[in-house]
1. Which of the following residues is in contact (Cβ under 8 Å) with a residue 40 or more places away in the chain and among the polar types (S, T, N, Q): S335, S364, S357?
2. Among the residues of region 333-350, write down those that are of a type outside the set (F, W, Y) and either closer than 17 Å to G256 by Cβ or buried (at least 18 other Cβ atoms within 10 Å of the Cβ) (or both).
3. Here are some residues: L358, L299, L330. Which one is in contact with a Pro (Cβ under 7 Å, 6 or more places away or on another chain) and either crowded, with 21+ Cβ neighbours inside 10 Å or part of a loop (DSSP other than H, G, I, E, B) (or both)?
4. Could you check region 209-232 and list, in sequence order, the residues that are among the acidic types (D, E) and crowded, with 17+ Cβ neighbours inside 10 Å?
5. Does region 381-390 hold any residues that are over 12 Å from V344 (Cα atoms) and in contact (Cβ under 8 Å) with a residue 24 or more places away in the chain, and which are they?
6. Among the residues of region 345-355, which ones are assigned to a loop (DSSP other than H, G, I, E, B), under 21 Å from N331 (Cβ atoms) and not hydrophobic (A, V, I, L, M, F, W, C)?
7. Just checking, how many residues over region 11-35 are part of a helix (DSSP H, G or I) and at pLDDT below 90?
8. Identify all residues within region 376-417 that are of a type outside the set (A, V, I, L, M) and either part of a helix (DSSP H, G or I) or in contact with a Gly (Cβ under 6 Å, 6 or more places away or on another chain) (or both); write none if there are none.
Amino acid sequence: MTYEETLHYLYTSIPVFQHSGASAYKPGLGTSIALDDYLGNPHKAYKTIHVAGTNGKGSVSHLLAAILRQSGFKVGLYTSPHLVDFRERIRVNGKKISQDYVVDFVERHRSFFEPLHPSFFELTSSMAFEYFRDQQVDYAVIEVGLGGRLDSTNIITPILSIITNISLDHTQFLGDTEEKIAAEKAGIIKKGVPVLLGEAEKRSVFDLFQNEARKAGAPFHYALSMGMLEGTGGLSMVHWKFPSVEYGEVIGELAGEVQQANAITVFSALHLLREKCGVDILPEAVHEGFGHVTQLTGLMGRWQTLRTKPTVICDTGHNVGGWKHIAEHLNAMRSRFREIYMIVGMVNDKDIDGVLSLMPPDASYFFTQASVERAMPVKDFAMKAMRKGLPGVLCETVEEAVEKALKSADKDDLIFIGGSTFIVADALPLFMKEDEYK
């Protein structure tokens, strides 16, 4: 098979949550363990860092991978979902897994895995673990796909477990309260492995993690209590300045209000990796990792500027927790722009009314839908928005919405693209040169 044929096989022969949602969700570790045993337990060949959480886990994972790489280590990074190319999910030192490896993995192992009927994520996780072994990485940063306890990645025993935060998302799978969701994410806590909680808005959530760590015999640490920043960071439109205790002032490439919380989690994780896990973190690597994370890891879609005049920004925040930060940042930037245009759409299994209530009432809207089965039809989404007092133009595709917004906007305006990871995924190729995502 060619690479394109292999992707078609993966997308059509096994259930893909990214495309179809609930019908592709397969909780439990049985298949993952079977695949791992068949492959010879590849994840045991290197040290891992496990990152869970409702929001921020992608940014935290990429920042840690960038800093470890710049500290001289060979680093694997496994994240999901991808935005433009499947291979974004599996990287070593920022370089995507090769097309040939993807094809070869499927051809070599399909006679074993087909009878197991694995989910797309189960098979992709196994591919990542074997690839990292074959590449002889020193460390692999592994992002949880969904939840924690029953997630395919939860067969690893890491040197550090990180849970960024908790808010309501995927409630149909993880529970309808923050406490129930926290209980699922606490499932990544392992005996004797230090666990770091980034933030918890509710005391009951904090107590749950602390109690679960105590029961597991896992040293518990809370980032907001570790004092890794001297005061709060300063935010400009394009970057943060973080007054870190251990590395001086660190300038972060990533913008957006959420990066303050992410940075506190990362600085706390670096402290634990150095002091509790014996990882040699170079000070200059911290500055380089924060300052050049997109170049070092290929991270996209986190308050990413796609062009200027007009300014076009996209962000993958797709739930109420993420949109609280997006709304804060849009409000902070409001005075810099004449008009704000919003290209937005969502998938049908989110708290759509909750997110819509956070969108700016004084913006002009282009409603659209992403090219995935889970996308809410644009007419239904626009109707919900209009009930919230947000009228706008209906566009059948993201490309149509981008074209209309660019025609409407002046050079001093802002166009924001988001509401769903998949809206951003459809938009990115419109602003990228072909060789940037091949």
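1. One residue alone meets the criteria, S364.
2. Passing the criteria: M333, R334, R336, I340, M342, I343, V344, G345, M346, V347, K350.
3. L330
4. Matches in region 209-232: E212 only.
5. Within region 381-390, K384, K388, G389 qualify.
6. Matches in region 345-355: D351 only.
7. Of the residues in that region, 11 qualify.
8. K379, D380, F381, K384, R387, E399, E400, E403, K404, K407, S408
The values are calculated or read from the model by the stated rules, or taken from the named source; none is laboratory data. Since this is a predicted model, take the numbers as computed values, not measurements. Neighbour counts are summed over all protein chains in view; Cβ atoms, including those assigned to glycine, are modelled from backbone coordinates with ideal geometry. Remember, those area values only see protein heavy atoms, side chains included, never the ligands or the DNA or RNA. Shrake-Rupley method; radii C 1.70, N 1.55, O 1.52, S 1.80 Å.
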